[in-house]
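The values are calculated or read from the model by the stated rules, or taken from the named source; none is laboratory data. Worth saying up front: this structure is predicted, and the values here are computed from it rather than measured. As a convention, Cβ positions derive from the backbone with ideal geometry for all residues, glycine included, and neighbour counts pool all protein chains shown.
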Amino acid sequence: MRILVTGSAGHLGEALMRTLPAAGHDPVGVDINPSPFTHHVGSIAEREMVKRCMRGVDAVVHTATLHKPHVATHSRQDFVDTNVTGTLNLLEEAALARVQAFVYTSTTSAFGRALVPPPGAPAAWITEDVTPVPKNIYGVTKVAAEDLCELFHQRFGLPCLVLRTSRFFPEEDDRRETREAYPDLNVKANEFLYRRVDIEDIVTAHLLALDRAPALGFVRYIISATTPFTHEDLAELRTDAPAVLARRVPRYREVYAARGWSMFPGIDRVYDNARARRDLGWQPRYDFATVLELIDAEGVVCSPLARIIGTKGYHAETFADGPYPVE
């Protein structure tokens, strides 16, 4: 298939552009920034630009977005223009072109305030049935774009799958307290237990979504590493995560001790990827157990694909208090 990939200069866009040809597809990249993987340079907020990009396309993978790191540096109108109007333009042209599949890359940040239970409550078990409560313009516009995908499926029969990805960017944590308390790789290894996913597994999920979209129609999926935790762990995870992890993955203590690492004292949510594994046949490779093996063998916590793409950053400028300013 000839596949339009939006955001082709970004982390996931580049990963898809690198991977799709080996899967027998012909990717066409569009991004507001030029890159070796971008064929069309321009904004998806411009309808005529989108119309030109859609010519001869069989499917769309829409990864282009303004992210959480842009909340403090871009206006709310910028977010609406890119995340809502840009998505609408793509859906309109995709429906007119009668593409076979439209895969929208969303985010677990869409859940917003629903991710943090009140004090004293167990950790939240997050499935696709949890109702989003967006906490910033990023979340609001991502949920709105998801709803547009659902509308175009209902109104025009456009096969649209929404993939809500958890953390996968390699930048340091945006919270100063976390950066000062833990080594960066320690943070990322911990997050694979409940809120992180490797970009190689995200790419695999997108390829499967392209294939399954015509049969599935419209569905939302959480794309996150498979957790070793269960519902029975949720109360204790909130107050003593190291004790739960020691039971579920005893080997972690040896690997962490050798590096002076530690598990977070408590965690507030766990993402459940069961629906994506069931419906898409998705089998993510990079879970916490695999990460422990990588740490032991290579001193890394990510796939070769993630290492090739590396760190891109969110802004042309640097900031004294972290990888990006937090609103």
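Condition first: closer than 23 Å to ASP184 by Cα and either among the small types (Gly, Ala, Ser) or surrounded by 22 or more Cβ atoms within 10 Å (Cβ to Cβ) (or both). Now tell me which residues in segment 228-262 satisfy that. Selection gives PHE229, LEU237, ALA241, ALA243, VAL244, LEU245, ALA246, TYR252, ALA257, ALA258, GLY260, SER262.
Selection of segment 43-59 for residues being closer than 14 Å to ASP81 by Cα, more than 23 Å from the chain's Cα centre (by Cα) and assigned to a loop (DSSP other than H, G, I, E, B) yields only GLU46.
For MET17, the criteria (1) touching a residue at least 24 places away in the same chain (Cβ under 8 Å); (2) touching a Phe, Trp or Tyr at 6+ places or on another chain (Cβ under 9 Å) hold in every case but one, which is (1).
Screening PRO36 with (1) in contact (Cβ under 8 Å) with a residue 12 or more places away in the chain; (2) farther than 16 Å from ALA205 by Cβ gives one miss only, at (1). Scanning segment 263-301 for residues that are in a loop (DSSP other than H, G, I, E, B) and among the polar types (S, T, N, Q), we see that the one that is surrounded by the most Cβ atoms within 10 Å (Cβ to Cβ) is ASN273. Of (1) surrounded by 19 or more Cβ atoms within 10 Å (Cβ to Cβ); (2) farther than 15 Å from LYS142 by Cα, ASP58 satisfies all except one. Which? Here ASP58 meets the rest and fails (1). Answer with yes or no whether PRO69 is surrounded by fewer than 24 Cβ atoms within 10 Å (Cβ to Cβ) and at pLDDT below 95. Yes: the conditions hold for PRO69.
Matching residues to (1) modelled with pLDDT under 95; (2) within 28 Å of HIS11 (Cα to Cα); (3) touching a strand residue (DSSP E or B) at 6+ places or on another chain (Cβ under 9 Å):
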| site | (1), (2), (3) |
| --- | --- |
| ASP240 | no, no, no |
| TYR271 | no, yes, yes |
| ALA306 | no, yes, no |
| PRO323 | yes, yes, no |
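Restricting attention to segment 4-42, the residues that are outside any loop (DSSP other than H, G, I, E, B), among the hydrophobic types (A, V, I, L, M, F, W, C) and more than 22 Å from ASP198 (Cα to Cα) add up to 4. Of everything in segment 74-94 that is surrounded by fewer than 17 Cβ atoms within 10 Å (Cβ to Cβ) and either among the charged types (D, E, K, R) or touching a residue at least 40 places away in the same chain (Cβ under 8 Å) (or both), the residue that is farthest from ASP31 (Cα to Cα) is ARG76. Scanning segment 142-152 turns up no residue that is surrounded by 15 or more Cβ atoms within 10 Å (Cβ to Cβ), modelled with pLDDT under 95 and more than 19 Å from VAL50 (Cβ to Cβ).
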